[in-house]
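Enquirer: Quick one: structure below, then a few questions.
No value in this document is a laboratory result; all are computed from the given coordinates. The shown structure was predicted, so the numbers you read here are calculated from the model rather than taken from an experiment. For neighbour counting, all protein chains shown are included, and Cβ atoms are generated from backbone atoms with ideal geometry for every residue, glycine included.
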Amino acid sequence: MPTSPPRRGSLARRMGLIAAGWITVLLVGGGIALERTLTNQVENNFDEQLEYQLTAMIASAEIDSFGEVWFYRTLGDQRFLEPGSGLYWQISGGDFDPYPSRSLWDRTLQVRGDHFDNEAHFYDSGQFEGEPLRIAERTIILPGSDTRWTFAVASATEERDQQIQEVRLILIWSFAVLGLGLILMALLQIRYGLSPLRRVRAAISKLRTTGENRITEPLPSEVQPLVEELNGLLEHSEKQAEEARMHAGNLAHALKTPLTVLTNAATAQDPKLPDLVRRETKTMQRHVEHHLARARAVGRRATGLSRAEVWPSVESVLRAVTRIYEHTRFDLDGNQSAVVSIERQDLDEILGNLIENAAKYGGGSVFVTVDVDRDTRDCLIWVEDDGPGIPEKERTRIFDRGARLDTGKPGTGLGLAIVRDVAEIYGGDVTLGESEDLGGLLVELRLPRA
């Protein structure tokens, strides 16, 4: 019981998974990059505000008569005056007690004053329980003092972290909606884009159910080559089926007459029955061999990608024919690299028939030439002999099955018929002429190059 081939999976599902995967990868990558960019922007803005406050402190600071720091003007941000407001400043230096903002109340910032910072230095601190801080500090030597003063501004990071959290939440929702929309759009595009294939399937089903032999429905340009190839395959199959019917009919017709003769002779108890049997069976054998040769050539052509090197094939045939016709001189010349689009076995059979006929009916010389037609790029094979040749008016009839001009020599009369039929199956042809060099028959075989 025949089994159906295993399924390879849905093309639409495969395309959908690929699209969803790429959309997810790109959105996740883009989302992470955008989140880092926006987060860094929020953090940089936060640090810039701290640096602005630090610069305002340094610009407002002076040394009093006791050598301590004081502000000759009040800092503008009121949060410095509110205890626990989340915004603090402090000045430390030498043996002096730290000078804190009122917002610090009874707490003290633990600054890193063991080094000298020409520029503002930022770092995170967890010194206040439950209130993470971001600190900006800078070391300054004020006019009128040799003390290294460390100016520090600290701000609770709750507001900054909240902004970052809001940015992340917006990004998550935005990219989730965008990803869902893109995936839905990709699925719709896949469904719409693959609709011509469903139309092709419906058209093929219509061929089977309605008896039509071509797909005529207009389809997109991307699918039209597939339809054209399918129509070409249908045409090829019809042609092969018609050839099979024709050759079956020809064979039946060719065998009908000998069978009728034998039946009538057997019924009438003709005393010449043995001679009739031998003669008619030989006739039937010729027809069977001819049609079998055609059937083999058609079968091998259907496999496609046929290739055969001409020169080795000619040499092989010449070696075989030389053993039969030892007194005949064979010459070979021409293109040694020609490759034709035909099976080697069929090429050997064609050349064997041509060269054997030339040796059989020639006067003792056979000349084989291999060349390439520069206009059509076909391969040309000439087989010449020095025999009597074939009259021009007989050159068409000689290709008929069983046609023979010299009945005094053994043969079936099918050699040239087989050559012509097999050559035409592969897209070639064969013509007869007169040899200018040897004076006998010239057979020109044209085959398509591989």
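Enquirer: Check which residues have an amide H placed less than 5 Å from Glu343's amide H, if you skip close sequence neighbours.
Expert: Residues meeting the amide H criterion: none.
Enquirer: Quick one: length gained pulling Phe116 to Glu436 fully straight, 0.36 nm per residue minus the C-alpha distance?
Expert: 104.2 nm
Enquirer: For the chain, just say rounded, prolate or oblate: build the C-alpha gyration tensor, square-root its eigenvalues into a ≥ b ≥ c, call rounded for a/c under 1.5, and beyond that prolate if a/b exceeds b/c, oblate if not. Write out the running numbers ahead of the final one.
Expert: On the way: a/c = 6.74, a/b = 3.55, b/c = 1.90.
Verdict is prolate for the chain.
Enquirer: Assuming 0.36 nm per residue, please report the length gained on full extension of the stretch Glu131 to Lys239 beyond their Cα-Cα distance. All intermediate terms of the calculation are to be shown ahead of the outcome.
Expert: Working: separation 108, 0.36 × 108 = 38.88 nm, distance 8.92 nm.
Here the answer is 30.0 nm.
Enquirer: Quickly work out the Arg329-to-Trp311 label distance, labels modelled 7 Å from Cα along the C-beta direction, and quote it in nm with one decimal.
Expert: Placing both labels 7 Å beyond Cα along the Cβ direction yields 2.3 nm.
Enquirer: Just want the answer: with Cβ charges of +1 for Lys and Arg and -1 for Asp and Glu, which residue in Leu318, Leu447, Ala33 is farthest toward the dipole's positive end in the chain?
Expert: Among Leu318, Leu447, Ala33, the one farthest towards the positive end of the dipole of the chain is Leu318.
Enquirer: Another one. On full extension of the chain, what length is gained from Glu62 through Ala268, given 0.36 nm per residue of separation minus the C-alpha to C-alpha distance?
Expert: Numbers: separation 206, 0.36 × 206 = 74.16 nm, distance 14.83 nm.
Stretched fully, the Glu62-Ala268 segment lengthens by 59.3 nm.
Enquirer: May I pose another question? Which far-off residues, 5 or more places away or on another chain, put their amide H under 5 Å from the one on Leu442, with H placed in the peptide plane?
Expert: Gly433, Glu434, Ser435
Enquirer: In addition: If the reach is capped at under 13 angstrom between alpha carbons, list the aspartates and glutamates near Lys393, excluding any in the same chain fewer than eight residues apart.
Expert: In chain and number order, the partners are Glu434.
Enquirer: Follow-up question, since we're still on this one. Using label points projected 7 Å from each Cα along Cα→Cβ, tell me how many nm separate Leu207 and Asp146, to one decimal.
Expert: Label-label distance for Leu207 and Asp146, simple model: 10.4 nm.
Enquirer: Taking DSSP loops as anything outside H, G, I, E and B, show the longest stretch in the chain free of GluC sites (Glu not before Pro) there with at most 14 other beta carbons within 10 Å. Provide the component values of the computation, followed by the final result.
Expert: Working: sites that count: Glu119, Glu129, Glu212, Glu222, Glu326, Glu436.
Formally, the longest exposed-site-free interval is 1-118.
Enquirer: Shifting gears a bit: Would you order Trp22, Trp382 from fewest to most other beta-carbon atoms within 10 Å of each residue's own beta-carbon? All intermediate terms of the calculation are to be shown ahead of the outcome.
Expert: Working: Trp22 12, Trp382 19.
By the 10 Å Cβ count, ascending, the order reads Trp22, Trp382.
Enquirer: Please report, ordered by residue number, every helix of the chain (full DSSP H runs) that is 18 Å or longer along its axis going by C-alpha atoms and whose mean Kyte-Doolittle hydropathy reaches -1.0.
Expert: Working: long enough: 11-60 (73 Å, 0.37); 158-193 (51 Å, 0.66); 195-210 (22 Å, -0.41); 224-268 (65 Å, -0.29); 273-302 (43 Å, -0.98); 310-324 (22 Å, 0.64); 344-361 (25 Å, -0.59).
The qualifying helices are 11-60, 158-193, 195-210, 224-268, 273-302, 310-324, 344-361.
Enquirer: What residues have an amide H closer than 5 Å to that of Arg148, excluding those fewer than 5 places away on the same chain, when H is modeled at 1.01 Å from N in the peptide plane?
Expert: Amide H neighbours of Arg148: Gly94.
Enquirer: Still on this structure, I have one more. Give me Phe175, Phe66 ranked fewest to most by other Cβ atoms within 10 Å of their Cβ, as a rough exposure proxy.
Expert: Numbers: Phe175 19, Phe66 7.
Ordered from fewest to most neighbouring Cβ atoms within 10 Å, Phe175, Phe66 come out as Phe66, Phe175.
Enquirer: While we're looking at this one, here's another question. About the Cα centre, and with charges only on the beta carbon of Lys, Arg (+1) and Asp, Glu (-1), how big is the dipole of region 51-181? Nearest 20 debye, please.
Expert: Working: 10 positive and 21 negative charges, 71 e Å.
For region 51-181, the charge dipole is close to 340 debye.
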